[in-house]
Amino acid sequence: MDARRRAVAGMLGGAGATLVLSGLRWTWNWMGLVFDTAPTQVVDRVEEVFAPDGFSPATRRVLAAVAHVAYGVGTGAAFGLLRRERGGKGEEAAVGSSLGILAWGAGWASWLPLTGVHSPPWEQQTAKVLLPIIDHAVFGAAWGLIFSVLARDRA
(Lines give C-alpha, C1' and ligand atoms only; values in the text may rest on other atoms or scores of the structure.)
Protein backbone atom coordinates (compact mmCIF):
# COMPACT_ATOMS: atom_id res chain seq x y z
CA MET A 1 0.00 0.00 0.00
CA ASP A 2 1.42 3.39 -0.95
CA ALA A 3 1.92 6.29 1.47
CA ARG A 4 -1.13 8.22 0.26
CA ARG A 5 -3.50 5.29 0.86
CA ARG A 6 -1.93 4.64 4.28
CA ALA A 7 -2.33 8.30 5.23
CA VAL A 8 -5.97 8.40 4.10
CA ALA A 9 -6.77 5.12 5.87
CA GLY A 10 -4.96 6.53 8.91
CA MET A 11 -6.99 9.74 8.80
CA LEU A 12 -10.27 7.82 8.58
CA GLY A 13 -9.08 5.55 11.38
CA GLY A 14 -8.22 8.66 13.41
CA ALA A 15 -11.70 10.10 12.86
CA GLY A 16 -13.34 6.84 13.96
CA ALA A 17 -11.01 6.44 16.92
CA THR A 18 -11.80 10.02 17.96
CA LEU A 19 -15.48 9.06 18.14
CA VAL A 20 -14.59 6.05 20.31
CA LEU A 21 -12.45 8.27 22.54
CA SER A 22 -15.25 10.84 22.76
CA GLY A 23 -17.63 8.15 23.96
CA LEU A 24 -15.12 7.03 26.57
CA ARG A 25 -14.58 10.62 27.72
CA TRP A 26 -18.32 11.25 27.87
CA THR A 27 -18.73 8.15 30.04
CA TRP A 28 -15.90 9.21 32.35
CA ASN A 29 -17.38 12.69 32.60
CA TRP A 30 -20.77 11.20 33.45
CA MET A 31 -19.07 9.12 36.16
CA GLY A 32 -17.38 12.26 37.53
CA LEU A 33 -13.84 11.13 36.68
CA VAL A 34 -12.94 13.67 33.97
CA PHE A 35 -13.93 17.30 33.68
CA ASP A 36 -11.25 19.13 31.70
CA THR A 37 -9.86 17.53 28.54
CA ALA A 38 -6.72 18.37 26.56
CA PRO A 39 -8.73 20.06 23.76
CA THR A 40 -10.48 22.32 26.29
CA GLN A 41 -7.11 23.07 27.90
CA VAL A 42 -5.76 24.06 24.48
CA VAL A 43 -8.79 26.31 23.93
CA ASP A 44 -8.18 27.84 27.38
CA ARG A 45 -4.61 28.69 26.36
CA VAL A 46 -5.64 30.05 22.93
CA GLU A 47 -8.27 32.18 24.63
CA GLU A 48 -5.72 33.47 27.15
CA VAL A 49 -3.25 34.44 24.41
CA PHE A 50 -5.52 35.61 21.58
CA ALA A 51 -8.88 36.57 23.12
CA PRO A 52 -8.40 38.23 26.51
CA ASP A 53 -12.10 39.16 26.55
CA GLY A 54 -12.95 35.48 26.25
CA PHE A 55 -14.87 33.29 23.83
CA SER A 56 -18.58 32.63 24.06
CA PRO A 57 -19.51 29.19 25.43
CA ALA A 58 -20.63 28.10 21.95
CA THR A 59 -17.33 29.21 20.41
CA ARG A 60 -15.42 27.35 23.13
CA ARG A 61 -17.36 24.14 22.40
CA VAL A 62 -16.80 24.43 18.64
CA LEU A 63 -13.09 25.17 19.03
CA ALA A 64 -12.64 22.25 21.45
CA ALA A 65 -14.48 19.89 19.07
CA VAL A 66 -12.44 21.07 16.08
CA ALA A 67 -9.19 20.71 18.05
CA HIS A 68 -10.21 17.23 19.20
CA VAL A 69 -11.11 15.97 15.72
CA ALA A 70 -8.14 17.67 14.03
CA TYR A 71 -5.74 16.10 16.52
CA GLY A 72 -7.32 12.66 16.06
CA VAL A 73 -7.30 12.85 12.26
CA GLY A 74 -3.76 14.26 12.14
CA THR A 75 -2.47 11.67 14.57
CA GLY A 76 -4.24 8.94 12.61
CA ALA A 77 -2.58 10.10 9.38
CA ALA A 78 0.84 10.02 11.07
CA PHE A 79 0.14 6.54 12.43
CA GLY A 80 -0.89 5.39 8.94
CA LEU A 81 2.36 6.67 7.47
CA LEU A 82 4.32 4.87 10.18
CA ARG A 83 2.45 1.57 9.71
CA ARG A 84 3.99 -0.02 6.62
CA GLU A 85 3.29 -3.67 7.47
CA ARG A 86 0.06 -5.07 8.79
CA GLY A 87 -0.76 -8.01 11.01
CA GLY A 88 -3.90 -9.52 12.43
CA LYS A 89 -6.52 -7.55 14.33
CA GLY A 90 -4.93 -8.26 17.72
CA GLU A 91 -1.54 -7.09 16.50
CA GLU A 92 -3.04 -3.95 14.94
CA ALA A 93 -4.88 -3.12 18.18
CA ALA A 94 -1.68 -3.63 20.18
CA VAL A 95 0.45 -1.58 17.79
CA GLY A 96 -2.24 1.11 17.72
CA SER A 97 -2.34 1.22 21.53
CA SER A 98 1.44 1.56 21.61
CA LEU A 99 1.34 4.37 19.07
CA GLY A 100 -1.46 6.04 21.02
CA ILE A 101 0.57 5.99 24.23
CA LEU A 102 3.61 7.24 22.30
CA ALA A 103 1.52 10.14 20.96
CA TRP A 104 0.37 10.92 24.51
CA GLY A 105 3.94 10.95 25.79
CA ALA A 106 5.21 13.09 22.94
CA GLY A 107 2.46 15.68 23.36
CA TRP A 108 2.22 15.77 27.13
CA ALA A 109 5.99 15.89 27.61
CA SER A 110 6.78 18.42 24.87
CA TRP A 111 4.45 20.75 23.02
CA LEU A 112 1.65 20.97 25.60
CA PRO A 113 3.97 22.13 28.43
CA LEU A 114 6.06 24.28 26.06
CA THR A 115 2.96 26.17 24.90
CA GLY A 116 1.74 26.64 28.46
CA VAL A 117 -1.31 24.40 28.14
CA HIS A 118 -0.36 22.44 31.26
CA SER A 119 2.58 21.09 33.20
CA PRO A 120 4.42 17.93 32.10
CA PRO A 121 3.08 14.59 33.39
CA TRP A 122 5.88 14.07 35.92
CA GLU A 123 4.67 17.20 37.76
CA GLN A 124 1.04 16.02 37.94
CA GLN A 125 -0.88 13.71 40.22
CA THR A 126 -0.94 10.06 39.15
CA ALA A 127 -4.70 9.92 38.54
CA LYS A 128 -4.55 13.02 36.38
CA VAL A 129 -1.94 11.39 34.16
CA LEU A 130 -3.36 7.85 34.15
CA LEU A 131 -6.70 8.63 32.49
CA PRO A 132 -5.14 10.31 29.41
CA ILE A 133 -2.79 7.33 29.04
CA ILE A 134 -5.79 5.01 29.02
CA ASP A 135 -7.57 7.40 26.62
CA HIS A 136 -4.69 7.28 24.18
CA ALA A 137 -4.33 3.49 24.46
CA VAL A 138 -8.04 3.10 23.65
CA PHE A 139 -7.77 5.65 20.82
CA GLY A 140 -4.80 3.74 19.41
CA ALA A 141 -6.49 0.34 19.69
CA ALA A 142 -9.60 1.66 17.93
CA TRP A 143 -7.38 3.27 15.30
CA GLY A 144 -5.50 0.01 14.74
CA LEU A 145 -8.69 -1.99 14.25
CA ILE A 146 -10.22 0.58 11.87
CA PHE A 147 -6.94 0.97 9.97
CA SER A 148 -6.60 -2.79 9.58
CA VAL A 149 -10.02 -2.95 7.90
CA LEU A 150 -9.41 0.09 5.68
CA ALA A 151 -5.85 -0.87 4.73
CA ARG A 152 -6.42 -4.51 3.86
CA ASP A 153 -5.43 -5.51 0.36
CA ARG A 154 -8.23 -5.22 -2.13
CA ALA A 155 -8.39 -8.04 -4.64
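Determine if the stretch 111-131 includes at least one residue that is crowded, with 16+ Cβ neighbours inside 10 Å and among the acidic types (Asp, Glu). No, there is no match, as no residue in the stretch 111-131 is crowded, with 16+ Cβ neighbours inside 10 Å and among the acidic types (Asp, Glu).
Hey, among the residues in the stretch 50-77 that are hydrophobic (A, V, I, L, M, F, W, C) and modelled with pLDDT of 95 or more, which one's farthest from residue 116 (Cα to Cα)? This residue is 77. Of all residues in the stretch 96-155, exactly one satisfies the criterion of being basic (Lys, Arg) and in contact (Cβ under 8 Å) with a residue 40 or more places away in the chain, namely 152.
Do we find that residue 136 is in contact with a helix residue (DSSP H, G or I) (Cβ under 6 Å, 6 or more places away or on another chain), over 24 Å from residue 12 (Cα atoms) and of a type outside the set (Phe, Trp, Tyr) in this structure? Considered against the rule, which asks whether it is in contact with a helix residue (DSSP H, G or I) (Cβ under 6 Å, 6 or more places away or on another chain), over 24 Å from residue 12 (Cα atoms) and of a type outside the set (Phe, Trp, Tyr), residue 136 comes out as no. Search the stretch 116-126 for residues being in a helix (DSSP H, G or I) and farther than 27 Å from residue 50 by Cα, and hand back the single one that is modelled with the highest pLDDT. Looking at the filtered set, the residue picked out is 122.
The values are calculated or read from the model by the stated rules, or taken from the named source; none is laboratory data. Fair warning: this is a prediction, and the values are worked out from it, not measured in the lab. So basically every Cβ, Gly included, is an ideal-geometry build from the backbone, and we count neighbours across all protein chains shown.
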